[in-house]
Amino acid sequence: MSILPHEESIIQGHHSFGIHRRALVTDFWGEEQFQDIHNNPTVDTWTPATHILGSLWRKLPFGRTLSPEQYNNIVDSFTNLVEDAHEQLLYWHTAGPLATREGVPLVDGLVLFANVDYLWFYHIAPIQQHIKDCIL
């Protein structure tokens, strides 16, 4: 099966871009701009790429108890959250294989879940008796 000339030029372009990929990623996103969420106890993640932009991470309220005002501020800033999520996807698409371990498919989305163990064992457990006293 032969490759069509158009497909061949796309493959050559992809390989040529790979030469400049690391420099481009380094120029736009320094390592200090990322948060490694792999070992963070407040989040469960199953994605092989566990580095997300710090600006996106700071807007996500994992591991924090929010006041009504803080909650409203997060909801009001969803536009900024979307912009940071777009930048995260741009990083993943630009970085390509640099963003994941070898042999792992490229990342095309981010799904984070609150780690409920963190809530029950770190927030609730220390005040368990107080909660019981208030209920009874």
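Nothing in this text is a laboratory measurement; each read-out follows from the coordinates by a stated rule. Everything quoted here is computed from the prediction, not taken from an experiment. As a convention, Cβ positions derive from the backbone with ideal geometry for all residues, glycine included, and neighbour counts pool all protein chains shown.
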Residues whose modelled amide H sits under 5 Å from the amide H of Phe34, counting only those 5 or more places away in sequence or on another chain, are Gly54
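Sort Lys132, Lys59 by Cβ crowding within 10 Å, fewest neighbours at the top.
Fewest to most other Cβ atoms nearby, the residues stand as Lys132, Lys59.
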Derived scalar couplings ³J(HN,Hα) [the stretch 87-98; Karplus, 6.51 cos²θ - 1.76 cosθ + 1.60; whole Hz; x for Gly, Pro]
5, 4, 5, 4, 4, 4, 6, 6, 5, x, x, 5
Residues meeting the amide H criterion for Val43 (H placed from the backbone, H to H distance under 5 Å, 5 or more places apart or on another chain) are Asn115
